[in-house]
Amino acid sequence: MIRAVPGDPAVALLGPRATPELKAQLHQQMGLDEPLFLQLFKFFGRLLHGDLGYDVISQRPVGQIVFEQLPYTLELISVSILWALAIAVPLGCYSAVRRHSTVDQVVGVLAVATIAIPPFVMAVYALLIFAVALGWFPAIGAGDRFGDRLMHLILPGFAMGIGWVGYISRLVRASMLEILGENHVRMARSFGISEWRIVTRYALPLAILPTVTILGVGIAWLLSSAVFIEVVFARPGIGALIVNAVNARNYPIVMGIVLVTTFLIVTATTLSDLVNAFLDPRTREKL
């Protein structure tokens with residue numbers, strides 16, 4: 001698909017005034033003068049040896065460049081998930097316990113609102129309100145020291161994670177309502193166990209299972225959201241890296257990022273299944 005986008009890596013590297021001879025020479029050095037199927041065949045051949053190719057601009061290994069930026073994106077995704085869970089799980093539990101209450105109705109409205117707001121819109125307004133107007137958090141960059149990096153993560157993590165609050169809170173509510181009506185919960189109530197302990201000890205570990213699955217599958221959505229968030233907050237990461245690579249028609253960087261993000265999606269899905277097996281004793285028995 002990136003090859004279908006108009007543009008030439010030689011022009012991006014040499015500038016608009018490059019002569020046709022220099023363009024042809026660079027195309028030959030980069031292998032762009034060969035048929036596309038042959039370029040792909042050579043790419044996958046190098047991939048079998050762990051070689052992702054070289055950056056068109058800096059001539060550095062693609063793997064080195066991608067893995068330098070990857071930790072910033074993983075930090076952002078982790079903080080956004082923590083934000084979403086910290087807000088959504090208590091709201092979902094309370095809505096299930098106080099079903100049809102005023103709080104339940106308000107949470108339902110907020111859930112629809114957070115789902116409807118695109119991440120880049122939330123990022124812009126969060127930046128304008130909390131960074132520019134109030135000055136509570138830094139506006140751009142990623143920071144250097146641990147505390148500074150954490151402060152730079154709070155606002156973009158919130159902007160990216162708030163969209164998941166609606167999904168998770170309604171999912172937790174629906175799962176909690178189903179589990180609170182099961183026989184083992186009724187038996188726990190008959191023994192006089194407090195409602196708080198029933199919710200936190202017996203119901204929540206099972207009600208959280210669909211959420212774990214959704215987060216594992218939703219890693220692709222989080223990676224796509226990271227592109228907007230990293231651009232708005234001028235953060236490093238593979239999201240900002242792929243935007244720059246597409247603009248420069250830097251094919252090796254784009255292909256390297258696609259492969260790494262695909263591996264992350266497969267890994268996250270596998271981990272979500274393992275976490276489900278750990279939390280659900282019925283699944284462990286089957287395994």
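The values are calculated or read from the model by the stated rules, or taken from the named source; none is laboratory data. Just so it is clear, the structure is predicted and the values come from calculations on it, not from any experiment. Cβ placement follows ideal geometry from the backbone for every residue including glycine, while neighbour counts extend to all protein chains displayed. When the accessible area is computed, the model is the full protein with side chains, heavy atoms only, and any ligands, DNA or RNA have been set aside. Shrake-Rupley method; radii C 1.70, N 1.55, O 1.52, S 1.80 Å.
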Practice prompt. Among residues belonging to segment 177-194 that are of a type outside the set (Val, Ile, Thr), open to solvent by less than 70 Å² (accessible area, probe 1.4 Å) and assigned to a helix (DSSP H, G or I), point out the one that is nearest to residue 164 (Cα to Cα).
Written response: 177
Fill in: Counted residues, segment 119-134 - those being open to solvent by 50 Å² or more (accessible area, probe 1.4 Å) and not β-branched (Val, Ile, Thr)
6
Worksheet item: Which one is surrounded by the fewest Cβ atoms within 10 Å (Cβ to Cβ), of the residues in segment 29-47 that are closer than 23 Å to residue 238 by Cβ and either at pLDDT 80 or above or touching a helix residue (DSSP H, G or I) at 6+ places or on another chain (Cβ under 8 Å) (or both)?
Response: 44
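Looking at 267, 211, which is the one that is assigned to a helix (DSSP H, G or I), out of contact with any helix residue (DSSP H, G or I) (no Cβ under 6 Å at 6 or more places or on another chain) and of a type in the set (Ser, Thr, Tyr)?
Values: 211 fails: out of contact with any helix residue (DSSP H, G or I) (no Cβ under 6 Å at 6 or more places or on another chain).
That would be 267, the only listed residue that is assigned to a helix (DSSP H, G or I), out of contact with any helix residue (DSSP H, G or I) (no Cβ under 6 Å at 6 or more places or on another chain) and of a type in the set (Ser, Thr, Tyr).
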Worksheet entry | Identity of the residue in segment 53-80, of a type in the set (Val, Ile, Thr) and surrounded by 19 or more Cβ atoms within 10 Å (Cβ to Cβ), that ends up farthest from residue 207 (Cα to Cα) | 56
Item to complete: Go through the residues of segment 224-242 one by one and say whether even a single one is assigned to a helix (DSSP H, G or I), within 20 Å of residue 164 (Cα to Cα), open to solvent by less than 20 Å² (accessible area, probe 1.4 Å) and among the aliphatic types (A, V, I, L, M).
Response: yes
